[in-house]
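The values are calculated or read from the model by the stated rules, or taken from the named source; none is laboratory data. Because the structure is a prediction, the values reported are computed rather than measured. So basically every Cβ, Gly included, is an ideal-geometry build from the backbone, and we count neighbours across all protein chains shown.
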Amino acid sequence: MDYGLWIMDYGLWIGIFVIDTGMIVLSGHYILNLNGTQKVSARLNIDNSYMARALELAQQAAEAGEVPVGAVVVKDGEVVGEGFNQPISGTDPTAHAEIIAMRNAAIFLNNYRLTDCDLYVTIEPCTMCVGAMVHARIKRIVFGAAEPRAGALQSQLQLMDGDYYNHIIDWHGGVLSDHCGAVMRDFFREKRK
């Protein structure tokens, strides 16, 4: 079951929205069953919320002089890992936002398999990151802006379209894409000055 949104009132749990079924449950009582369009709308709102957090992380990368990419790993409606690009400051060519977020999620969950986890990232992932997501068994990738030069889901390689992996990841691009793209454009515009 894909839990999407905890409903809180003054810090106390009063209900939950269940994405798969489209039901809203308050204090253990069924209240509302959403139709397909409403479920899609609720999913987009949830995706936007996690992407907004990834954008905040991307800003941290920019402030550190790194390419501004942020990533968030979510399981059962809870953020279990976060990261932003750190290859320069970490002297680590693999320290992409997605890798950092997955490392943190694996530590938090005490498991190198991140099954039933969604990964939100501001820019379409590269080949290395998609490969790591396959090994981690990420359930779903949601990205913001396309990466026309090195994107490995839609822009260049379409890695999830083949049948050569033992794990296929659902993916969706374009969430807050204007904002995500603007962060990258602004960063590189400043670098060129």
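One line per residue, one yes/no per condition, for (1) more than 26 Å from Gly65 (Cβ to Cβ); (2) not β-branched (Val, Ile, Thr):
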{"position": "Thr127", "(1), (2)": "no, no"}
{"position": "Arg140", "(1), (2)": "yes, yes"}
{"position": "His167", "(1), (2)": "yes, yes"}
{"position": "Gly181", "(1), (2)": "no, yes"}
{"position": "Phe187", "(1), (2)": "no, yes"}
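May I ask you to say which residue of Val175, Val130 is modelled with pLDDT of 95 or more, touching a strand residue (DSSP E or B) at 6+ places or on another chain (Cβ under 9 Å) and among the hydrophobic types (A, V, I, L, M, F, W, C)? Give the derivation first.
Working: Val175 fails: modelled with pLDDT of 95 or more.
From the options Val175, Val130, the qualifying one is Val130.
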